[in-house]
Amino acid sequence: MPGARAELVIDYYNRRIKVMDFTGLFEEISGTLEALAEAEEMGKIIVYTPPEKGHEPKTCGYAEEGTIRGYYAGKDCHIFSSYPKNSRGISFHKEKEDQVIKNCLRKSRGEGKNPHKLGDSLKKGGCIKQNEKIRLPEEYTLRPAVQADASTMATLYSQGFQFYPTPLHMESYLLKTMDSDVLYLLVEKQGEIVSLASAEMDSETGSAEITDCLTVPSERGKGLIKELIIALEKELSYRNFLSSYTLCRASSPGINAAFASQGYAYTGRLVNNCRIERGFEDMNIWCKRLK
């Protein structure tokens, strides 16, 4: 547009448009976004913006849904959303999801635990090495994933999620992301992968999203995801990342509790943000500064 420019992600699977950056006045862009959303049948428009630009989407009728602390090289990112299809903006499980957050915050305050210090178990001069134990029982090991793991990982993800915002069930996708800016860690029990998670790293901003968390049903409730979160944080800190965050399923007590217990702050909820399992789901934002 004359005098304005935007960087977009048009996400057909999740039926949304994400504005990752814009220059010029947002009101010069908003009309084009609405027309694009209608033409492509998108139900949600999301705008990522630094604090100094936050008033612009708000003036155009966008509602702030949350904040990612430290997203822009230590500066906060404010997330604004608009719903061209009004039904997409209705949270159908708000009461249940609010209770999940209340329970998580109550438990984390009651425990009074300090977050694990970063770097405690990193070996001198490098990142986490294969078979390095963190705080797991003897029969478990935690290590970085390698390309030879991609086929098994894809199978586990396809079994764990009927739908997912990214194609984790595709071995080719996992191999591609392993070669880019995604770090996958996994936990094995007697040589079998039983839990895994990843960090999508943005070296330009110094922030990383911890995501793709999965534990096989028979191993749930043993704190494996917590250990993966701790290990990912240590590696991110070693690589000089400033902050980490996650967008996790608002209705899932376990994953929310895992991040709350590690000192993450709850900073908002993205309504009907992406497709997981039976349809669009709300996603909670949890953030933590690593430095």
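The values are calculated or read from the model by the stated rules, or taken from the named source; none is laboratory data. Every value quoted in this text rests on a predicted model; they were computed, and no experiment measured them. Here Cβ is always computed from backbone atoms with ideal geometry, including for glycine, and neighbour counts include all displayed protein chains. These area figures cover heavy atoms from the full protein model, side chains too; ligands, DNA and RNA do not enter into them. Shrake-Rupley method; radii C 1.70, N 1.55, O 1.52, S 1.80 Å.
Normalising the average separation of contacting C-alpha pairs (under 8 angstrom, six or more residues apart) by the number of residues puts the relative contact order of the chain at 18 percent.
Once you've got the Cα coordinates, tell me which of K189/K291; K94/K234; K102/K226 are over 29 Å apart. Beyond 29 Å between Cα atoms: K189/K291; K94/K234.
The packing ranking, built from the mean of other Cβ atoms within 10 Å per residue, places the peptides 179-189, 279-289 in the order 279-289, 179-189, highest first.
Counting Lys and Arg as +1 and Asp and Glu as -1, what is the net charge of the other residues whose Cβ lies under 15 Å from the Cβ of S218? Around S218, the charge tally is -1. Expressed as a whole percent, the accessible surface of region 227-291 that belongs to carbon and sulfur atoms is 50, based on a 1.4 Å probe.
By the helix-only formula, in which each DSSP H run with n ≥ 4 contributes -39500 (n - 2.57) and the sum is divided by residues, the chain has a 222 nm mean residue ellipticity of -8500 deg cm²/dmol.
The alpha carbon centroids of region 144-170 and region 207-259 are separated by 16 Å.
Express the accessible area of region 132-266 per residue in Å², computed with a 1.4 Å probe while the remaining protein chains stay in the model. Display every interim value, and only then the final one.
Working: 5530 Å² over 135 residues.
Averaged over the residues of region 132-266, the accessible area is 41 Å².
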